[in-house]
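Below is one structure, written out as structure tokens; the observations come after it.
The values are calculated or read from the model by the stated rules, or taken from the named source; none is laboratory data. These numbers were taken from a predicted model, which means no experiment stands behind them. Note: ideal-geometry Cβ built from the backbone for every residue, glycine included; neighbour counts use all protein chains shown. To get the accessible areas, we keep the full protein, side chains included, count just its heavy atoms, and leave off ligands, DNA and RNA. Shrake-Rupley method; radii C 1.70, N 1.55, O 1.52, S 1.80 Å.
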Amino acid sequence: EPEVTQTPSHQVTQMGQEVILRCVPISNHLYFYWYRQILGQKVEFLVSFYNNEISEKSEIFDDQFSVERPDGSNFTLKIRSTKLEDSAMYFCASSEWADPRRSPLHFGNGTRLTVT
Amino acid sequence: QQQVKQSPQSLIVQKGGISIINCAYENTAFDYFPWYQQFPGKGPALLIAIRPDVSEKKEGRFTISFNKSAKQFSLHIMDSQPGDSATYFCAADSNYQLIWGAGTKLIIKP
């Protein structure tokens, strides 16, 4: 079964540094998402992306965050200047359709980001 | 109004027992209610989902009960097995954006 793959599985960075989290969505999917999960807490929506544009973004997704689909397969999340509170598990997801009733979100296994 | 409240935070059930996780919402615009299952080190995966035009949906040992007037829905796991030990998230969708509950860590004791 096709999978969403994320790299790295764990990233440690110093406060103020830039990080790029990488994702390869399922190949025939058109809608891409980033979520984050602070340890032991709820899953929070960050951003959705379709047709090389951001469709929706949450309040969390401020100017420090950006997303990009640099080629036909990768989907990246960049955090420009990391803060301690950015430490979390970041999940990439993809779906064939925007409507979750038509196609569910498929999540990757996440990247654990630790900011020291 | 955009919140989904999930309880309990954690749950321990004996093997063979029934696990019940509850969620409540306020926003009547929500019209799709999925449950996700997450194993340690993995991303969430869709388990079962329901629309508000039905009161119950069953898939194998997993059942969603939905009470539209009370704005509540719950997941029942019958004959709970150790392999069901995971974190379960309820969610609600409006305009293609999922709002997630806080999660329930379920442990099934052998």
## Note on the structure
Heads up, the strands (runs of 3 or more DSSP E) in region B:2-94 (entirely inside) with at least 3 residues that are within 15 Å of the chain's Cα centre (by Cα) are B:4-7, B:19-25, B:33-38, B:45-50, B:56-59, B:62-67, B:72-77, B:86-94
### Summary
Checked region A:56-73 for anything in a loop (DSSP other than H, G, I, E, B) and open to solvent by 20 Å² or more (accessible area, probe 1.4 Å); matches are A:Ser58, A:Glu59, A:Ile60, A:Asp62, A:Asp63, A:Gln64, A:Arg69, A:Pro70, A:Asp71, A:Gly72, A:Ser73
### Query
So which pairs qualify, if the first residue must be in region A:88-101 and free of Cβ contacts under 8 Å to residues at least 40 places away in the same chain and charged (D, E, K, R), the second must be in a loop (DSSP other than H, G, I, E, B) and crowded, with 24+ Cβ neighbours inside 10 Å, the Cβ gap must be under 9 Å, and the two must be at least 6 apart or on different chains?
none
### Summary
Over region A:9-19, the set of residues surrounded by 14 or more Cβ atoms within 10 Å (Cβ to Cβ) and either of a type in the set (Val, Ile, Thr) or within 13 Å of chain B (Cβ to nearest Cβ) (or both) is A:Thr13, A:Val19
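Conditions (1) modelled with pLDDT of 95 or more; (2) among the charged types (D, E, K, R); (3) in contact with a strand residue (DSSP E or B) (Cβ under 8 Å, 6 or more places away or on another chain), marked per residue:
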residue	(1), (2), (3)
B:Gln37	yes, no, yes
B:Arg51	no, yes, yes
B:Tyr88	yes, no, yes
B:Lys105	yes, yes, yes
B:Pro110	no, no, no
### Query
If we keep just the residues of region B:57-91 that are aromatic (Phe, Trp, Tyr) and either touching a residue at least 60 places away in the same chain (Cβ under 8 Å) or open to solvent by 20 Å² or more (accessible area, probe 1.4 Å) (or both), which is farthest from B:Lys109 (Cα to Cα)?
B:Phe89
### Message
So, A:Gln6, is that one within 11 Å of another protein chain (Cβ to nearest Cβ), in contact with a strand residue (DSSP E or B) (Cβ under 6 Å, 6 or more places away or on another chain) and either within 24 Å of A:Glu59 (Cβ to Cβ) or surrounded by fewer than 16 Cβ atoms within 10 Å (Cβ to Cβ) (or both) or not?
### Response
yes
### Message
Only one of A:Thr76, A:Thr111, A:Thr82 is within 11 Å of chain B (Cβ to nearest Cβ), open to solvent by less than 40 Å² (accessible area, probe 1.4 Å) and at pLDDT 95 or above. Can you tell me which?
### Response
A:Thr111
